[in-house]
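Enquirer: Sending over a structure as structure tokens; questions will come in a sec.
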Amino acid sequence: MLMPLLSDNELRETRCLIDGQWIETEATYEVRNPATGELLARVPCLGAEHAREAIAAAERARPQWSAQPAHERSRILKRWHALILAHLEPLAQLLTREMGKPIGEARAEILYGASYVEWFAEEARRAYGQVIPSHDLSKQLSTVREPVGVVAAITPWNFPNAMLARKLAPALAAGCTVVAKPAEQTPLSALALSKLATLAGVPHGVLNVVLGDAVAIGAQLTANPAVRKLTFTGSTAVGRLLLRQCADTVKRVSMELGGNAPFIVFDDADLDAAVEGAMASKFRNAGQTCVCANRFLVHEAIYDEFAERLVRAVRDLRVGEGSQAGVTIGPLIDQRAKAKVAALVMDALEQGAVLLEGDAQMPGNFFAPTVLGQVNAQMRVAREEIFGPVAPLIRFVDEADALAQANASDAGLAAYFFTRDIARAHRVAAALKVGMVGINTGAISTETAPFGGVKQSGFGREGGPQGLEDYQDVKYLCLGNLR
Ligand code: SIN
């Protein structure tokens, strides 16, 4: 089939999507490039009423969409996947302009997002039920998996394409309909992705996108009984609030919340690999990633050498506008984010940390990649999610000490460690209280594996076979009187 291609202008959608109609409103807000301050667009500022309309549209579209054969939903998702790939470059350019990340990372994000669409297009056709060995020969027991219903998806600004794709794709694959509320800072990538979904054949009302008053829209998405599931990626503070709001209508909930990933370097580690892993984990997206290494726990015997090598690698990073060739660190998303990261660094320095690399004089939203030595577990930089390009180094004396420090956090999203000892690898992986462990690697994300956390980092999994199950209810069937 011939693939319709959108011009850059057509892809640069600035309206919201409700019931298949692209809508504008008088009330708007501005979207700006975080690197330059350039005004990129004005987008609708919707409130509770529009959110209600979007939910009603999703509820109307639900019976027909969920009744489609999985093959048909899969076919539409595959077409969406192909359209995303066909628009890779303009999607990446748009992402860099509104979010700031280097263009190479933006391209990688579009491919990463697309990989979830392809994966769930395939998984849609494998939503098997079970036949259960019966306790009674006159009864046959089985399960089927059914779509949960209307899904509300609230997504963050740090991966405006991929985080939306990895919620929309499994929801649509499972037969759910969706109301999405993308982050206010980065709506254009979400709208472009949604436009491609409609072009792929997602029917009217099956996917709705609302922007605007986060409090009013959030209240509607969480209180409306027609919404049967809320999926959220964002801060733990907002996640707690949404959880409370969902309680009254007892919704299914998936929460991908903040992390505080320990990155442990044992004294038997391959230090070249550890530094490479540290750079990948810490400085991807300028450190604005939930699974970023947040605290480097380094064995005292190799602490100085690791610190020296890390600083050398950090000096090779280039800060600047993401669209410029050679730039590896873009701006932080806004001034508030920058002020928070600066405050964490300042607090650490006041309490005795040493600045091994960094520059406090960066203009605008830019923040220099920073390495802090002599950090301890009491400092805010070790306790709070940094969400910026700052690497705090903390010493440990032995495996027990490393594990105690690593697990001393309310967060439990990801952890990383480097060792050449296979027995230790198994021991430490088992002892870490997190949802995801990188062993001798700093890059763990893939559509084929379940992404998610434990403790206050949330629950639910995105990706892997579990990603589809998160949008399905299990129904048990008991067929009696067989004998
Ligand atoms: C996130 O920061 O929430 C997602 C990062 C990833 O998928 O690798």
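The values are calculated or read from the model by the stated rules, or taken from the named source; none is laboratory data. Just so it is clear, the structure is predicted and the values come from calculations on it, not from any experiment. When we count neighbours, we look across all protein chains shown, and the Cβ atoms used for this are built from the backbone with ideal geometry, even at glycine. Just so you know, the surface numbers come from the protein's heavy atoms only, side chains and all, with ligands and any DNA or RNA stripped out. Shrake-Rupley method; radii C 1.70, N 1.55, O 1.52, S 1.80 Å.
Enquirer: On the basis of being assigned to a helix (DSSP H, G or I), among the acidic types (Asp, Glu), more than 16 Å from the ligand (Cβ to nearest atom) and within 23 Å of Ala406 (Cβ to Cβ), does Asp268 make the cut?
Expert: no
Residue-by-condition table, conditions (1) modelled with pLDDT under 95; (2) surrounded by 15 or more Cβ atoms within 10 Å (Cβ to Cβ); (3) touching an Asp or Glu at 6+ places or on another chain (Cβ under 9 Å):
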residue	(1), (2), (3)
Gly438	no, yes, no
Ser445	no, yes, no
Pro450	no, yes, yes
Gly463	no, yes, yes
Val474	no, no, yes
Gly480	no, no, yes
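Enquirer: Pairs only if they're at least six apart or on different chains, beta carbon under 8 angstrom, first in the stretch 89-116 and open to solvent by 10 Å² or more (accessible area, probe 1.4 Å), second outside any helix (DSSP H, G or I) and of a type in the set (Phe, Trp, Tyr); list them, first residue then second.
Expert: Qualifying pairs under 8 Å: Tyr112/Phe159.
Enquirer: Sticking with this structure for a sec: Of the residues Leu193, Leu242, Leu207, which is away from the ligand (no atom under 16 Å from the Cβ), in contact (Cβ under 8 Å) with a residue 60 or more places away in the chain and of a type outside the set (S, T, N, Q)?
Expert: Just one listed residue meets the conditions, Leu207.
Enquirer: Suppose we keep only residues that are open to solvent by 10 Å² or more (accessible area, probe 1.4 Å) and of a type in the set (Gly, Ala, Ser) within the stretch 271-289. Which one would you say is nearest to the ligand (Cβ to nearest atom)?
Expert: Here the answer is Ala280.
Enquirer: Specify the residue that is nearest to Ala408 (Cα to Cα); the eligible residues are those in the stretch 245-262 that are more than 15 Å from the ligand (Cβ to nearest atom) and part of a strand (DSSP E or B).
Expert: So the residue we want is Pro262.
Enquirer: Kindly evaluate Ala162 against the criterion of being under 20 Å from Gly452 (Cβ atoms) and open to solvent by less than 10 Å² (accessible area, probe 1.4 Å).
Expert: yes
Enquirer: Taking the options Val227, Val253, name whichever one is within 16 Å of the chain's Cα centre (by Cα) and hydrophobic (A, V, I, L, M, F, W, C).
Expert: Val253
Enquirer: Quick test for you: out of Asp248, Asp213, pick the one residue that is among the acidic types (Asp, Glu), under 20 Å from Ile55 (Cβ atoms) and out of contact with any Gly (no Cβ under 6 Å at 6 or more places or on another chain).
Expert: Asp248
Enquirer: Kindly provide the set of residues from the stretch 53-66 that are more than 10 Å from Val179 (Cβ to Cβ) and either in contact with a helix residue (DSSP H, G or I) (Cβ under 9 Å, 6 or more places away or on another chain) or free of Cβ contacts under 8 Å to residues at least 12 places away in the same chain (or both), ordered by number.
Expert: Correct list: Pro63, Trp65, Ser66.
Enquirer: Within the stretch 145-169, track down each residue that is away from the ligand (no atom under 14 Å from the Cβ) and in contact (Cβ under 8 Å) with a residue 60 or more places away in the chain.
Expert: Arg145, Glu146, Pro147, Val148, Gly149, Val150, Val151, Ala152 - these are the residues of the stretch 145-169 that are away from the ligand (no atom under 14 Å from the Cβ) and in contact (Cβ under 8 Å) with a residue 60 or more places away in the chain.
Enquirer: Being open to solvent by less than 10 Å² (accessible area, probe 1.4 Å), within 22 Å of Val291 (Cα to Cα) and either at pLDDT below 95 or small (Gly, Ala, Ser) (or both) is the filter here; which residues of the stretch 199-242 pass it?
Expert: Gly239
One line per residue, one yes/no per condition, for (1) in contact with a helix residue (DSSP H, G or I) (Cβ under 7 Å, 6 or more places away or on another chain); (2) buried (at least 24 other Cβ atoms within 10 Å of the Cβ):
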| position | (1), (2) |
| --- | --- |
| Ile329 | yes, yes |
| Ala337 | no, no |
| Ala343 | no, no |
| Met346 | no, no |
| Gly352 | no, no |
| Leu356 | yes, no |
| Pro363 | no, no |
| Phe366 | no, no |
| Thr370 | yes, yes |
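Enquirer: Please specify each residue of the stretch 378-418 satisfying the condition of being of a type outside the set (A, V, I, L, M), open to solvent by less than 10 Å² (accessible area, probe 1.4 Å) and closer than 21 Å to Phe266 by Cα.
Expert: Pro392, Phe396, Gly412, Tyr416, Phe417, Phe418
Enquirer: Same structure again: Tell me, yes or no, whether the stretch 128-144 has at least one residue that is charged (D, E, K, R), more than 29 Å from Cys292 (Cβ to Cβ) and more than 16 Å from the ligand (Cβ to nearest atom).
Expert: yes
Enquirer: Go through (1) touching a residue at least 24 places away in the same chain (Cβ under 8 Å); (2) part of a loop (DSSP other than H, G, I, E, B); (3) within 16 Å of the ligand (Cβ to nearest atom) one by one and return the number of the condition Lys433 breaks.
Expert: (3)
Enquirer: Output the residues belonging to the stretch 306-342 that are outside any loop (DSSP other than H, G, I, E, B) and touching a Lys or Arg at 6+ places or on another chain (Cβ under 8 Å).
Expert: Residue satisfying the conditions is Ile329 alone.
Enquirer: I've got another one for you. Would you call Leu6 more than 24 Å from the chain's Cα centre (by Cα) and surrounded by 15 or more Cβ atoms within 10 Å (Cβ to Cβ)?
Expert: Answer is yes for this residue.
Enquirer: Check off (1) among the small types (Gly, Ala, Ser); (2) in contact with a Pro (Cβ under 6 Å, 6 or more places away or on another chain); (3) closer than 18 Å to Phe232 by Cβ for Gly460 and give me the number that stays unchecked.
Expert: (2)
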